[in-house]
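J.: Provided herewith is a single structure, encoded as structure tokens, for subsequent inquiry.
Nothing in this text is a laboratory measurement; each read-out follows from the coordinates by a stated rule. Quick caveat: nothing in here was measured; it's all calculated off a predicted structure. Cβ atoms come from the backbone with ideal geometry, glycine included; neighbour counts cover every protein chain shown.
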Amino acid sequence: MYNIYYPREAVVTDIKEDTPTIKNFRFKLNGKLTFKAGQFMQLTVPGIGEAPFTPSSHPGEVEEMEITILKTGRVTDALHDEVKVGGRVGLRGPFGKGYPLGKFKNSEILIVGGGVGLAPLRSLIYALFDHIDDFKKISICYGAKTPQDLCFRNEFDEWKNMPKTSLNLTIDKPHPDWDGTVGLVPCLLEEEGIGVDIKKSYAVSCGPQIMLKFVTFKLLEVGFEPRQIYLSMNRRMSCGLGKCGRCNIGPYYLCKDGPDMCYDDIKDYPNVFE
Ligand SMILES: Cc1cc2nc3c(=O)[nH]c(=O)nc-3n(C[C@H](O)[C@H](O)[C@H](O)COP(=O)(O)OP(=O)(O)OC[C@H]3O[C@@H](n4cnc5c(N)ncnc54)[C@H](O)[C@@H]3O)c2cc1C
Ligand code: FES
């Protein structure tokens, strides 16, 4: 039987540079592995350390997995600079609950991403596309610092062409290569432009902590209720199993009860956006 404490070996089969600081890694798994959109893995670079990442690939793929990684420190530097195609890493998981897709049925889904935060949401987008008839509408709002920092640019046309789906993009500051919206991600959520029937919607957001805070405030301002907002609380984690106590908000362990939490459950605790 699979031991959740013990990393399974995975072989790197492809590495693509998606932005100047983000690479997309494809892994061949040792055996089959199923995960739900939103669940995360603990990835070990041998000799360096372990870090949590949410797969960005299709949850239906059982023998391969993609993880999209921002270069930011020890483990991610090693992944970007040292790990090559044919190299081996360890994977533990999946951990966490995954998005409550059953609850989302028959609703409009507003997806709000920032920077590498679109990576976990890409897996959710694939899961929603698989059952597109179950959802009234899928509105994707996404922003990054510059046009070159937008992840998955090659897939945008495909997403926009899906039935019932829209994609709105923004970048932080004016740029010579960009004639679209300029401003921070919450600027895509102004009531008149948001294009969703708020009463029948759920909003799902993943991105930097500061973005999550202002996206949440904007969603509340335009009329979303806390129960309609789901936030990816991608804090520092260790065991992934609710044992070490590294990741709690109030009584919730984000690794076990999240990492995607309904804002209604966590809104009254002091460290939600810290
Ligand atoms: C459930 C979950 C899912 C995640 N999914 C992804 C993903 O799909 N793609 C991705 O690129 N990253 C993801 N992250 C963030 C990723 O885990 C961190 O970037 C990684 O742990 C950094 O490790 P490091 O050793 O490279 O950096 P370190 O050397 O540990 O730290 C370098 C810097 O990064 C900061 N940092 C470390 N961990 C985090 C964190 N969890 N959140 C914010 N800042 C952090 C540190 O404070 C420090 O400033 C996820 C995190 C969680 C908890
Ligand atoms: S990471 Fe150990 S309790 Fe959540």
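J.: With only Lys, Arg, Asp and Glu charged, each at its Cβ (+1 for the first two, -1 for the last two), find how big the charge dipole of segment 58-160 is about the Cα centre; round to the nearest 20 debye. Write down the numbers at each step before the final one.
T.: Numbers: 14 positive and 15 negative charges, 90 e Å.
In debye, rounded to 20, segment 58-160 gives about 440.
J.: What's the Cα-based Rg to Rh of the chain, Rh via Kirkwood?
T.: 0.95
J.: So what is the relative contact order of the chain, in percent, for Cα pairs below 8 Å that sit 6 or more residues apart?
T.: Relative contact order here is 17 percent.
J.: If I histogram all Cα-Cα distances within segment 92-148 using bins 5 Å wide from 0, what percent of pairs lands in each bin?
T.: 5, 16, 26, 22, 15, 10, 6, 0
J.: Moving on to the next point. Per DSSP H run of n ≥ 4, the term is -39500 (n - 2.57); total these for the chain, divide by its residue number, and report the mean residue ellipticity at 222 nm rounded to 500 deg cm²/dmol.
T.: Computed mean residue ellipticity for the chain: -5000 deg cm²/dmol.
J.: If you don't mind, another one. Could you pull out which residues in segment 142-173 have an amide N less than 11 Å from a spot 7 Å beyond the Cα of Asn106, following the Cα-Cβ vector?
T.: none
J.: Using 0.36 nm per residue, how much length does the chain from Lys164 to Leu241 gain when fully extended, once their Cα-Cα distance is taken away?
T.: Value of the extension gain: 24.0 nm.
J.: Just rank Ile4, Ile266, fewest to most, by other beta-carbon atoms within 10 angstrom.
T.: Values: Ile4 14, Ile266 21.
The most exposed by this proxy come first: Ile4, Ile266.
J.: Sketch the reach of a paramagnetic label on Glu221 as a point 7 Å from Cα along Cα-to-Cβ, and name the residues of segment 159-193 whose backbone nitrogen lies under 11 Å away.
T.: Those under the cut-off are 186-191.
J.: Please report Phe27, Phe224 as a ranked list, fewest other C-beta atoms within 10 angstrom at the top and most at the bottom.
T.: In increasing order of surrounding Cβ atoms, one gets Phe224, Phe27.
J.: Spit out the partnerless Cys residues in the chain, using Cβ distances under 4.7 Å as the pairing rule.
T.: For the chain, the answer is Cys141, Cys151, Cys187, Cys206, Cys247, Cys255, Cys262, because their Cβ atoms have no other cysteine Cβ under 4.7 Å.
J.: Moving on to the next point. Could you tally up the Lys pairs in segment 80-203 with alpha carbons closer than 18 Å? Skip any pair fewer than 8 positions apart unless they're on separate chains.
T.: Lysine pairs satisfying the spacing and distance rule in segment 80-203 number 21.
J.: Seen from all sides and averaged, what is the projected area of the convex hull of the Cα atoms in segment 42-170, in nm²?
T.: Computed as one quarter of the Cα hull surface, the answer is 8.7 nm².
J.: May I ask you to derive the FRET efficiency for Tyr5 and Asp77 from their Cβ-Cβ distance with R0 = 25 Å, giving the value to the nearest 0.05?
T.: 0.50
J.: Still on this structure, I have one more. Within segment 250-274, whose backbone N sits under 18 Å from a point 7 Å along Cα→Cβ of Ile210?
T.: Zone members listed by number: 272-274.
J.: Further question: Got a sec? How would Thr216, Thr21 order by Cβ neighbour count within 10 Å, fewest to most?
T.: Thr21, Thr216
J.: Which loop trypsin sites (Lys or Arg not before Pro) in segment 160-237, with loop taken from DSSP, have no more than 11 other Cβ atoms within 10 angstrom of their Cβ? Numbers along the way, then the final one.
T.: On the way: sites: Lys160, Lys164, Lys199, Lys200, Lys213, Lys218, Arg227, Arg235, Arg236; in loops: Lys164, Arg235, Arg236.
Passing both the DSSP loop test and the Cβ count: Arg236.
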